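The values are calculated or read from the model by the stated rules, or taken from the named source; none is laboratory data. These numbers were taken from a predicted model, which means no experiment stands behind them. Cβ placement follows ideal geometry from the backbone for every residue including glycine, while neighbour counts extend to all protein chains displayed.
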Amino acid sequence: MGTLIRAKILNVMSDNVFAINAGKIKGVTRNMKFEIVDPLADQKKTKNYSKGKVQITEVYEKFSIAEGYEIEMKGSTSFSLGK
């Protein structure tokens, strides 16, 4: 596994398209696939850390556009991305 990249959702553009605050500067590249995790799962006393998976479709200097699949967001706006 490569370096862990932490990011937050900047904007929910549609049901499965998200703008995130990680881009070229943080090492994100097009077609990268990541898992969305709930950083508050421990506090909520749930073991369900995974909220879905995304694939990067567009990369800009400081942000990227990701398309999700297997998404179960329900209010989560933070996630960690692992290469």
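Looking at (1) over 15 Å from residue 16 (Cα atoms); (2) modelled with pLDDT of 85 or more, which one does residue 37 not meet, given that it meets all the others?
(2)
Which of the residues spanning the stretch 45-83 are at pLDDT below 70, within 13 Å of residue 9 (Cβ to Cβ) and assigned to a strand (DSSP E or B)?
78, 79, 80, 81
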